[in-house]
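The values are calculated or read from the model by the stated rules, or taken from the named source; none is laboratory data. Fair warning: this is a prediction, and the values are worked out from it, not measured in the lab. Cβ atoms come from the backbone with ideal geometry, glycine included; neighbour counts cover every protein chain shown. Surface areas here come from the heavy atoms of the whole protein model, side chains and all, with no ligands, DNA or RNA. Shrake-Rupley method; radii C 1.70, N 1.55, O 1.52, S 1.80 Å.
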Amino acid sequence: MKPFRTLNDFLRNITQAAFQKAGLDIAFAEVKMADRPDLADYQCNGSLILGKKLQRNPQELAQEIIGHLTQLTTDIEFSVAGPGFINYKIKPSYLLKSFQEFSVPEHLSPAKKHKVFIDYGGPNVAKPMHVGHLRSSIIGQSLKNLFRFMGHDVTGDIHLGDWGTQMGMLIIALEETDPKVVYFDTGFTGPYPKESPVTLEDLQRIYPQISARCAEDEMLATKARQATFELQQGRPGYRALWKHFVDVSVVDMKTQFEKLGVSFEQWFGESRYQDQIPSLLEDLKHKNILEKSQGAFVINVSEPTDKKEVPPVLLEKSDGGILYATTDLATIRERVETFKADDILYVVDGRQSLHFEQVFRAARKAGYTAQFEFLGFGTMNGPDNKPFKTRAGGAMRLEELIHTLVEEAKSRTKEAHLETASETITNDTAQKIGIAALKFADLQHNMSQNYQFDVAKFMNFEGKTGPYLLYAVVRIKSILLKAGTFSFKGAVELEPQEKELILWILRFQEIMEKAFEKRALNMLCDYAFELAQCFSRFYQACPILSDKNDPETKALRLLIAQQTQNTLEKVLSVLGIDCPDHM
């Protein structure tokens with residue numbers, strides 16, 4: 001029998017065929033990695049489950065299935081274990097053959113290619129980017145990479161916060177400073193200056209001041225709301241100022257995101273959808289799902305099966321104002337009707353789950369058909385288990401955190417005696433190490449949970465950290481560089497550590513598919529760490545460049561090293577982590 005795409009596919013297919021021959025439900029023919037790798041490589045628990053369900057002896061049922069399995073392949077040794085598990089032990093000859101045929105694919109080819117939108121990032125214009133923006137950006141980028149590896153057409157949308165009350169606050173603050181500039185002259189017909197009258201530093205200094213004043217002065221707050229309203233109604237001078245706010249903010253955002261290795265295909269903001277709101281509301285009225293309630297317009301999204309109350313979605317307030325839900329629904333309509341999205345994923349703070357449940361239900365009632373997913377994440381906390389802050393107690397700016405990581409990387413590399421040949425680590429390499437520490441620290445956890453970020457802990461070159469994985473790749477690169485060319489052609493006896501590492505390499509696609517199915521980036525982190533540890537055990541037990549090795553043994557071990565590097569680099573690239581050449 002010819003092997004299937006992956007080792008796991010091969011095992012699953014022959015197991016399903018054996019279950020069919022035995023007249024059993026193939027839904028129970030699942031094969032997984034063995035719980036006891038010292039006894040088996042893979043196992044199937046279906047006979048144990050079915051034995052109880054069918055009131056048959058699980059061990060006898062397992063033996064019957066094995067009878068059919070042995071007729072389908074001679075490449076696997078099967079045995080019954082415990083109360084009725086089926087153990088699979090792969091013969092070395094088949095394992096080597098599979099390994100020689102293995103290569104890390106650039107991407108997979110799905111049965112059906114989907115058009116996917118991932119909404120992540122979401123920083124606000126005129127506000128400094130800080131650690132609170134990290135999780136959405138890091139998780140969203142990695143998910144985009146994973147979807148692309150699986151062969152889907154993916155668009156990342158930053159969904160900028162560029163239309164809120166903070167714009168009105170900034171406008172009135174600038175008007176106080178210089179009321180005679182053309183932006184506040186209602187009689188000015190343009191054109192307005194191309195150069196911005198404010199820098200990003202100006203905005204980031206002005207906004208906290210005016211925000212605090214508005215919180216204490218209701219008259220000033222009312223003035224800011226009026227300025228926001230006039231901006232949204234299209235007052236030319238305000239629109240020109242707003243455009244400057246957005247432009248100077250986006251330049252800085254792109255700089256910070258580039259350092260993080262995060263990118264977006266669409267830089268759309270909430271402002272994009274303001275002109276679409278009237279047609280959206282008309283569409284919803286035409287479909288008879290928009291209801292009037294105390295002068296406001298809402299969509300009732302409660303369902304009979306709800307265990308907790310799900311309030312109506314408020315789309316237009318009694319004074320004509322719109323809300324986040326309105327903009328979110330307009331965004332969904334464009335993604336579905338204009339961009340033909342099949343799947344729309346939101347990587348957002350987990351505390352917004354109710355809001356998005358309401359919006360998704362409203363979208364489905366409106367007939368905006370796509371598969372919606374809310375991927376809520378927890379908070380990134382400091383060692384005190386409180387939201388990560390500066391020593392002064394404020395939210396740490398992203399630029400400051402990246403600088404801290406780069407400097408820590410330089411220090412740790414020097415302490416570990418891992419400097420480059422020039423004895424000074426380059427800024428580029430230091431940044432790769434620092435960003436790897438940051439991303440791996442985040443992604444190795446279940447995204448829905450809070451986690452503690454400790455710069456010192458996650459910058460270690462030992463343990464489950466990004467720098468440890470980078471060093472594993474760099475060490476393999478060094479070995480291969482010393483070895484030069486090689487070619488493995490024959491069959492050799494496998495050492496236990498060689499077999500273990502080959503098995504983990506061959507599980508690559510299986511792990512990628514499971515991580516994709518579960519949207520579990522932490523599974524990729526676990527796999528990368530296990531692969532690196534497995535290589536370390538192999539390296540200690542099986543000298544690669546030893547003169548005592550015969551040519552075939554040396555070639556096999558170099559091939560194992562090469563495929564470990566290829567596999568690790570691919571997994572890390574999906575996680576958004578770049579590997580340096582030297583450390």
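For the range 114-237, what does the alpha-carbon gyration tensor say about shape, rounded, prolate or oblate, given a ≥ b ≥ c as the root eigenvalues, a/c under 1.5 as rounded, and a/b over b/c as prolate? The shape class here is prolate.
The fraction of Cα-Cα pairs per 10 angstrom bin, counted from 0 for the range 8-156, comes to 10, 28, 20, 20, 14, 6, 2 percent, rounded to whole percents. For the range 42-77 versus the range 230-292, the inter-centroid distance based on Cα atoms is 59 Å.
Using only alpha carbon pairs under 8 Å that are at least six residues apart, calculate the relative contact order of the range 253-400 and give it in whole percent.
Taking the mean separation of contacting Cα pairs over the length of the range 253-400, I get 18 percent.
Divide the volume of the convex hull of the Cα atoms of the chain by its number of residues and quote the answer in cubic angstrom per residue.
Value for the chain: 207 Å³ per residue.
Of the two radii for the range 474-566, the radius of gyration is 1.01 times the Kirkwood radius, both from the alpha carbons; that is the Rg over Rh value. Bridgeable lysines around LYS243 (alpha carbons under 18 Å apart, same-chain partners fewer than 8 residues away excluded): LYS127, LYS194, LYS254. Each residue of the range 575-583 was assigned a 3J(HN,Hα) from its phi angle through the Karplus curve 6.51 cos²θ - 1.76 cosθ + 1.60 (θ = phi - 60°); the sequence is 6, x, 10, 8, 9, x, 8, 9, 9 Hz, with glycine and proline shown as x.
Taking a straight line from the alpha carbon of LYS365, these lysines sit under 19 Å away, with near neighbours fewer than eight places off in the same chain left out: LYS285, LYS287, LYS292, LYS340.
Of all aspartates and glutamates in the structure, those lying under 12 Å Cα to Cα from LYS91, and not within fewer than 8 positions of it along the same chain, are ASP41, ASP75, GLU77, GLU493. Charge dipole of the chain (Cα centre as origin; +1 on each Lys and Arg Cβ, -1 on each Asp and Glu Cβ, all else neutral): 1040 debye, rounded to the nearest 20. Work from the charge dipole of the range 1-140 (Cβ charges, +1 for Lys and Arg, -1 for Asp and Glu, about the Cα centre) and give the residue of ASN8, ALA126, ALA22 farthest towards its positive end. Of the listed residues, the answer is ALA126.
Other residues lying with their Cβ under 9 Å from the Cβ of GLU373 contribute a combined charge of 0, Lys and Arg counting +1, Asp and Glu -1. With all protein chains in place and ligands, DNA and RNA left out, the 1.4 Å accessible area ranks TRP242, TRP267, TRP163 as TRP267, TRP242, TRP163, largest first. Accessible surface for the chain, divided over its residues, is 47 Å² per residue with a 1.4 Å probe. Most simply put, the chain has about 50% antiparallel DSSP beta bridges, counting only bridges with both residues inside it. Bridges between two residues of the range 66-168, per DSSP, are antiparallel at a rate of about 50%.
With contacts taken as Cα pairs under 8 Å and at least 6 residues apart, the chain reaches a relative contact order of 14 percent. Surface composition of the chain: carbon and sulfur make up 49 percent of the accessible area, probe 1.4 Å. Scalar couplings 3J(HN,Hα) for the range 273-285, obtained by applying the Karplus form with A = 6.51, B = -1.76, C = 1.60 to θ = phi - 60°, are 9, 5, 6, 8, 4, x, 5, 4, 5, 5, 4, 5, 5 Hz; x denotes Gly and Pro. Each peptide among 480-493, 340-353, 200-213 gets the average number of other Cβ atoms lying within 10 Å of its residues, and from highest to lowest they stand as 340-353, 200-213, 480-493. Taking amide H atoms as placed 1.01 Å from N in the peptide plane, the amide H of ASN124 lies under 5 Å from those of GLY161, each 5 or more residues away in sequence or on another chain.
Under 5 Å from the amide H of ALA34 lie the amide H atoms of TYR42, GLN43, each residue being 5 or more positions distant or on a separate chain, with H modelled from the backbone and absent for Pro and chain starts.
Couplings for the range 343-359, taken from phi via the Karplus curve 6.51 cos²θ - 1.76 cosθ + 1.60 with θ = phi - 60°, read 10, 10, 10, 10, 9, 9, 3, x, 6, 9, 4, 5, 4, 6, 4, 4, 5 Hz in order; Gly and Pro are left as x.
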